[in-house]
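Shown next, in structure tokens, is the structure this report addresses.
The values are calculated or read from the model by the stated rules, or taken from the named source; none is laboratory data. It should be emphasised that the depicted structure is a prediction, and the values quoted were computed from it without experimental measurement. Quick reminder, even Gly has a Cβ in these numbers, built from the backbone with ideal geometry, and neighbours come from all protein chains shown.
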Amino acid sequence: MDHLRRLEEEAIFVLRETAALFRRPVMLYSIGKDSSALAHLAAKAFWPAKPPFPLLHIDTTWKFREMIAFRDRFAAALGLDLQVHVNREGANRGVDPFSADANTYTRVMKTEALKQALEAGGFDVAIGGARRDEEKSRAKERIFSLRSAHHGWDPRNQRPEFWRLANPHLGPGETMRVFPLSNWSERDVWRYTLAEGIPVVPLYLARPRPVVRRAGALIVVDDERIRLDAGEMPEQVSVRFRSLGCYPLSAAIESQASTVADIVAELEASRTSERQGRLIDGQGTASMEAKKREGYF
Amino acid sequence: MSPIRTAYAAAFGPTEAGSVRSRPPALRVLICGAVDDGKSTLIGRLLYEAGAVPDDQYAALAADSQRYGGGAPGELDFALLTDGLEAERERGITIDVAYRYMATPRRDFVFADTPGHEQYTANMATGASQCEVAIILADAVRGLQEQSYRHAAICSTLGIRQAVLAVNKMDGVGFSEARFEQIAESFRQAAARLHLDCVAIPISARHGDNVMKSGGNMPWYQGPSLLDHLERIDTRPVDHDLGLRLPVQGVWRGPAGERIYMGSIAAGRLAPGDRVTVAPSGASAVVAHLWGADGTVEYAGRGAPVAFTLKREIDLGRGDLLHAESDAPCRANHLAANVIWFGKSHLLAGRDYELRLGTMTSPVTVTSLRGKLDVETGERLAVAEIQRDEIAICHLATPAAIAFDPYGHCAATGSFLLVDRTTGDTVGAGMVRNALDRGSNVVAQALTIDRKAREALLGQTGAVVWFTGLSGAGKSTIADALERKLHSRGKLTFLLDGDNVRLGLNRDLGFTDADRVENLRRVAEVARLMVDAGLIVLCSFISPFERERMMIRERLSGIGFLEAFVDAPFELCARRDPKGLYAKARRGELRNFTGIDSPYERPASPDLVLDSSLHPPDVLADRVLERLIDHP
């Protein structure tokens with residue numbers, strides 16, 4: 001059996017288990033390549049029926065413009081019910097990636113927003129596209145991962161996960177996170193995207209874009225909201241994103257890979273990791289774990 | 001073009017779909033062994049040498065090695081590449097299994113790096129259940145540990161057949177061939193008993209000897225390097241030629257409201273027009289339409305996710321196992337299994353759990369413990385209870401027949417979880433050895449005269465009042481008062497008292513946890529028979545464990561049942577001490593005495609709380625009587 005076929009079967013199996021075992025599932029959709037592959041798998045898993053759960057996008061209001069346009073069109077193409085949640089309270093307080101530090105911004109506009117949306121929707125399980133090869137604390141995550149009533153992760157007390165048998169028991173207030181792409185690598189996702197013809201946000205593909213250089217990182221100037229420092233002049237560089245977050249917090253890489261096939265080839269030769277462009281990850285050695293304990297996805 | 005592709009094209013214009021070169025699935029490799037044998041260091045070394053450590057992670061590793069690492073200044077501590085949790089880095093240990101991915105030109109790998117500490121054995125076994133090959137590490141300086149054997153036994157129990165004994169830290173024994181041979185030889189015997197096909201390789205994960213390249217400091221070693229060996233290992237599964245096995249995951253409604261059944265094929269094949277049988281019901285049906293992951297198909301084989309409709313609707317849903325008409329799985333309500341036990345409390349015969357096998361869920365009772373696996377000798381030892389991290393061989397019974405296969409024939413239909421129904425925790429991972437037909441030949445005999453008929457004759461309704469509480473709380477005194485009141489009202493009663501039962505029916509039982517469980521199981525069954533005879537049964541037993549009280553409630557479901565918690569402060573009970581037992585227990589002459597060296601778990605939601613420190617027995621008996629009359 002082929003490598004991608006096995007990963008696909010595993011993801012479909014996990015998606016069906018999730019739909020069968022829980023009362024009210026929801027699939028988180030971040031517009032990124034992993035999310036899109038996951039939504040694509042959901043459409044395949046239940047074909048010819050519709051996936052029995054909605055998509056939920058936590059909108060920080062600081063996504064690249066291209067991402068929002070793509071999100072709506074993609075969900076419509078798959079016939080999926082798309083729900084969008086913004087932490088209005090945070091937005092009204094003016095928590096944005098320029099005035100707040102990255103940790104506060106992430107906590108308020110992503111982690112808190114996610115908790116609000118899950119509680120408002122009464123969702124007992126949230127399906128996400130995280131992969132174990134992304135980061136060290138993710139490598140320790142179960143496929144079915146329990147969260148406390150406060151949405152926190154207790155990495156030192158995870159349920160043993162045998163074979164493909166899930167234990168779906170939830171105590172009062174507890175919820176589950178499910179990661180069907182756990183065993184996929186970045187390269188697997190791109191190879192699958194190519195093989196299946198899954199559309200991706202054009203930001204993943206190299207194009208000449210206006211950028212400024214900050215602390216060695218390439219920041220794309222997406223709209224007039226970005227605050228340029230004195231003397232900073234955007235220059236045109238052929239760049240693309242390996243990982244898409246909020247635009248002031250995601251750095252681009254110089255690349256000539258203008259098609260998905262080019263990206264697959266580029267990855268074969270790469271010497272850096274995918275999350276290197278995520279400016280929030282580097283703060284403290286185990287900063288992803290700390291965020292996940294708080295309820296970050 | 002598939003309908004999904006068509007939708008993409010309509011939304012985004014023609015999409016780019018390219019061909020991708022097929023690759024064999026990644027080899028899943030477990031890395032296990034005792035604490036400090038160097039598992040995380042080995043994985044870090046493998047990733048580094050194979051070029052799988054990206055530059056930015058390498059830079060972080062160099063910084064982390066200065067901060068947490070234990071080596072010489074400037075030396076890289078490769079364990080920090082995989083020990084991702086803050087607590088792991090601070091304490092320099094691995095707590096949970098980490099999965100790491102790596103590709104060489106020859107093969108893709110998934111390494112499961114597992115913890116060596118005994119208290120994290122569950123996490124090690126979690127990793128083992130996902131792997132095909134095991135690398136068992138041994139420390140050349142310290143030699144083999146009990147944990148090395150335990151991990152080998154768990155691997156073997158979980159069906160791993162290919163193992164590598166990596167004798168690590170050869171730099172610590174001066175790269176001595178004699179030391180290597182000594183360790184390899186003693187492990188070889190254990191591996192043979194455990195049916196592990198095992199190759200021994202001397203390595204130094206810290207310095208890289210024989211990890212990727214062989215030779216170097218050990219010219220006497222002529223075999224392949226660890227990575228060479230892993231790249232060439234052949235893990236084609238043993239084909240048991242099973243017919244179709246398709247555990248049904250669920251039923252979803254199609255666009256026209258039709259019922260669409262879904263699941264992954266665990267064994268065999270499926271095609272439209274096939275006649276299939278449903279276990280355990282025995283119903284049969286013909287497949288109408290079949291979908292694979294890419295739409296309609298005319299055939300699907302092992303490992304394929306499928307969706308299908310049936311020509312004629314039958315009762316079919318989640319938990320059912322579809323199989324080929326000509327090749328049925330076992331169908332029984334009694335089976336023998338190996339169970340790796342992780343519960344905080346012991347595994348005891350008589351306890352009830354939730355069984356999750358394939359997509360099926362059922363209550364299950366451990367009917368007997370046949371022994372535990374001795375991890376060093378592979379022999380079966382007789383035991384009364386199984387402790388955390390031991391491997392039990394036990395018999396299990398379900399209320400109704402279920403369908404399964406021996407684990408060795410089909411892992412998907414032969415593996416199961418045991419879940420504690422009070423806490424929801426996973427407490428055991430089991431593998432079916434075989435069906436036991438004893439149970440299936442015993443069928444309940446339908447009788448003409450039933451409980452209703454006997455109750456009508458007696459002019460009363462059978463019921464059970466279960467008194468629980470500490471010794472000396474006043475259970476038997478209240479039960480006795482209640483029985484006198486019922487008797488004077490012309491009700492036929494029977495009082496089952498802890499001590500009286502132990503003098504007869506249960507005189508073979510002591511006071512260990514296992515014996516207490518069996519004691520109460522028998523009493524519950526006797527009470528059930530007496531209620532069937534139409535009697536009002538009063539049971540007076542300390543019954544200290546919530547789990548057993550739950551078991552009693554379930555065995556007596558469908559009949560009037562009152563749980564009466566006779567509550568009195570411990571000091572009062574000890575002062576009353578009607579049988580002089582507290583005094584004995586304090587002198588150490590009596591062991592496992594509830595309240596002294598064995599716990600009493602207070603009932604969470606009893607039907608009645610009777611406080612004998614506040615009211616006399618007569619008043620409390622009246623309160624039970626009122627409830628019995630109100631809710632006969």
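For every residue, the table says whether it meets (1) modelled with pLDDT of 90 or more; (2) under 28 Å from B:ASP618 (Cβ atoms); (3) surrounded by 15 or more Cβ atoms within 10 Å (Cβ to Cβ).
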{"residue": "B:PHE404", "(1), (2), (3)": "yes, no, yes"}
{"residue": "B:THR426", "(1), (2), (3)": "yes, no, yes"}
{"residue": "B:ARG438", "(1), (2), (3)": "no, no, no"}
{"residue": "B:VAL442", "(1), (2), (3)": "no, no, no"}
{"residue": "B:ALA446", "(1), (2), (3)": "no, no, no"}
{"residue": "B:ARG454", "(1), (2), (3)": "no, no, yes"}
{"residue": "B:ARG489", "(1), (2), (3)": "no, yes, no"}
{"residue": "B:ASP497", "(1), (2), (3)": "no, yes, yes"}
- request: Taking A:LEU228 as the residue in question, decide whether it is touching a residue at least 24 places away in the same chain (Cβ under 8 Å) and either out of contact with any Phe, Trp or Tyr (no Cβ under 7 Å at 6 or more places or on another chain) or crowded, with 20+ Cβ neighbours inside 10 Å (or both).
  value: no
query: With (1) surrounded by fewer than 20 Cβ atoms within 10 Å (Cβ to Cβ); (2) at pLDDT below 90 as the list, and A:SER137 as the residue in question, which single condition is left unmet?
result: (1)
query: Pairs, please: C-beta under 6 Å, at least 6 apart or cross-chain, first residue at the interface with chain B (Cβ under 7 Å from one of its Cβ atoms) and in the stretch A:135-148, second charged (D, E, K, R)?
result: A:SER137/A:GLU289; A:ALA139/A:ARG132; A:LYS140/B:ASP96
message: Considering only residues that are away from every other protein chain (no Cβ under 11 Å), surrounded by fewer than 17 Cβ atoms within 10 Å (Cβ to Cβ) and at pLDDT 90 or above, which ones fall in the stretch B:234-258?
response: B:GLY243
- prompt: A:ILE143 fails exactly one of the following numbered conditions: (1) among the hydrophobic types (A, V, I, L, M, F, W, C); (2) under 19 Å from the mean Cα position of the chain (by Cα); (3) farther than 21 Å from B:ARG100 by Cα. What is the number of that condition?
  reply: (3)
- request: Find the residue count for the stretch A:171-199, including only residues that are in contact with a helix residue (DSSP H, G or I) (Cβ under 7 Å, 6 or more places away or on another chain), at pLDDT below 95 and closer than 30 Å to B:ASP420 by Cβ.
  value: 3
field: Conditions (1) away from chain A (no Cβ under 11 Å); (2) on the phi < 0 side of the Ramachandran plot; (3) out of contact with any strand residue (DSSP E or B) (no Cβ under 6 Å at 6 or more places or on another chain); number of the one not met by B:LEU335
entry: (3)
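Which one of these is touching a Gly at 6+ places or on another chain (Cβ under 8 Å), assigned to a strand (DSSP E or B) and either in contact (Cβ under 8 Å) with a residue 12 or more places away in the chain or more than 9 Å from every other protein chain (Cβ to nearest Cβ) (or both): A:ARG209, A:ARG242, A:ARG177?
Numbers: A:ARG209 fails: touching a Gly at 6+ places or on another chain (Cβ under 8 Å); A:ARG242 fails: assigned to a strand (DSSP E or B).
Exactly one residue qualifies, and that residue is A:ARG177.
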- line: For the stretch A:180-199 the number of residues that are over 18 Å from A:GLU135 (Cβ atoms), facing chain B (nearest Cβ under 7 Å) and either part of a loop (DSSP other than H, G, I, E, B) or of a type in the set (A, V, I, L, M) (or both) is 4
- prompt: Of all residues in the stretch A:20-45, which are without any contact (Cβ under 8 Å) to a residue 40 or more places away in the chain, surrounded by fewer than 23 Cβ atoms within 10 Å (Cβ to Cβ) and either under 26 Å from A:GLU174 (Cβ atoms) or away from every other protein chain (no Cβ under 12 Å) (or both)?
  reply: A:ALA20
task: Take A:GLY90 and decide whether it is over 17 Å from the mean Cα position of the chain (by Cα) and either on the phi > 0 side of the Ramachandran plot or part of a strand (DSSP E or B) (or both).
output: no
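Can you pull out the residues in the stretch A:196-210 that are in contact with a strand residue (DSSP E or B) (Cβ under 8 Å, 6 or more places away or on another chain) and either closer than 16 Å to A:GLY245 by Cα or surrounded by fewer than 19 Cβ atoms within 10 Å (Cβ to Cβ) (or both)? Steps first, please.
Of the residues in the stretch A:196-210, the ones in contact with a strand residue (DSSP E or B) (Cβ under 8 Å, 6 or more places away or on another chain) are A:203-210.
Within the stretch A:196-210, A:LEU203, A:TYR204, A:LEU205, A:ARG207, A:PRO208, A:PRO210 meet the criteria.
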field: Total residues in the stretch B:77-136, condition polar (S, T, N, Q) and either modelled with pLDDT under 75 or not in a loop (DSSP other than H, G, I, E, B) (or both)
entry: 6
message: Being in the same structural domain as B:ARG522 (by TED's automatic domain parsing), touching a strand residue (DSSP E or B) at 6+ places or on another chain (Cβ under 6 Å) and surrounded by 14 or more Cβ atoms within 10 Å (Cβ to Cβ): is that true of B:PRO617 here?
response: no
statement: Taking the stretch B:287-298 and keeping residues of a type in the set (Val, Ile, Thr) and either part of a loop (DSSP other than H, G, I, E, B) or over 19 Å from A:PRO48 (Cβ atoms) (or both) leaves B:VAL297
- prompt: Which numbered condition trips up B:ALA62, out of (1) at pLDDT below 80; (2) more than 25 Å from B:SER129 (Cβ to Cβ); (3) crowded, with 17+ Cβ neighbours inside 10 Å; (4) away from chain A (no Cβ under 11 Å)?
  reply: (3)
task: With the checklist (1) in the same structural domain as A:LEU28 (by TED's automatic domain parsing); (2) closer than 28 Å to B:ALA112 by Cα in hand, flag the one item A:THR193 doesn't pass.
output: (1)
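Per-residue answers, yes or no, for (1) among the β-branched types (Val, Ile, Thr); (2) within 30 Å of B:SER148 (Cα to Cα):
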| position | (1), (2) |
| --- | --- |
| B:ARG351 | no, no |
| B:MET360 | no, no |
| B:ILE386 | yes, yes |
| B:ASP389 | no, yes |
| B:CYS394 | no, yes |
| B:ILE402 | yes, no |
| B:HIS409 | no, yes |
| B:THR422 | yes, no |
| B:LEU436 | no, no |
- request: Name the single residue, out of those in the stretch B:11-40 being more than 7 Å from every other protein chain (Cβ to nearest Cβ) and assigned to a helix (DSSP H, G or I), that is nearest to B:LEU165 (Cα to Cα).
  value: B:LYS39
query: Here are some residues: A:PRO160, A:PRO168. Which one is modelled with pLDDT under 90, in contact with a strand residue (DSSP E or B) (Cβ under 8 Å, 6 or more places away or on another chain), within 12 Å of another protein chain (Cβ to nearest Cβ) and farther than 30 Å from B:TYR8 by Cβ?
result: A:PRO160
statement: B:ALA52 fails exactly one of (1) part of a loop (DSSP other than H, G, I, E, B); (2) at the interface with another protein chain (Cβ under 7 Å from one of its Cβ atoms); (3) modelled with pLDDT of 70 or more, namely (2)
query: Is there a residue being in contact (Cβ under 8 Å) with a residue 40 or more places away in the chain, part of a helix (DSSP H, G or I) and within 11 Å of chain B (Cβ to nearest Cβ) anywhere in the stretch A:58-72?
result: yes
field: Search result, residues across the stretch B:259-289 that are under 21 Å from B:SER326 (Cβ atoms), surrounded by fewer than 21 Cβ atoms within 10 Å (Cβ to Cβ) and within 14 Å of another protein chain (Cβ to nearest Cβ)
entry: B:ARG269, B:ALA288
- line: Of (1) within 10 Å of chain A (Cβ to nearest Cβ); (2) in contact with a Lys or Arg (Cβ under 8 Å, 6 or more places away or on another chain); (3) farther than 23 Å from B:LEU158 by Cα; (4) part of a loop (DSSP other than H, G, I, E, B), B:THR309 fails just (4)
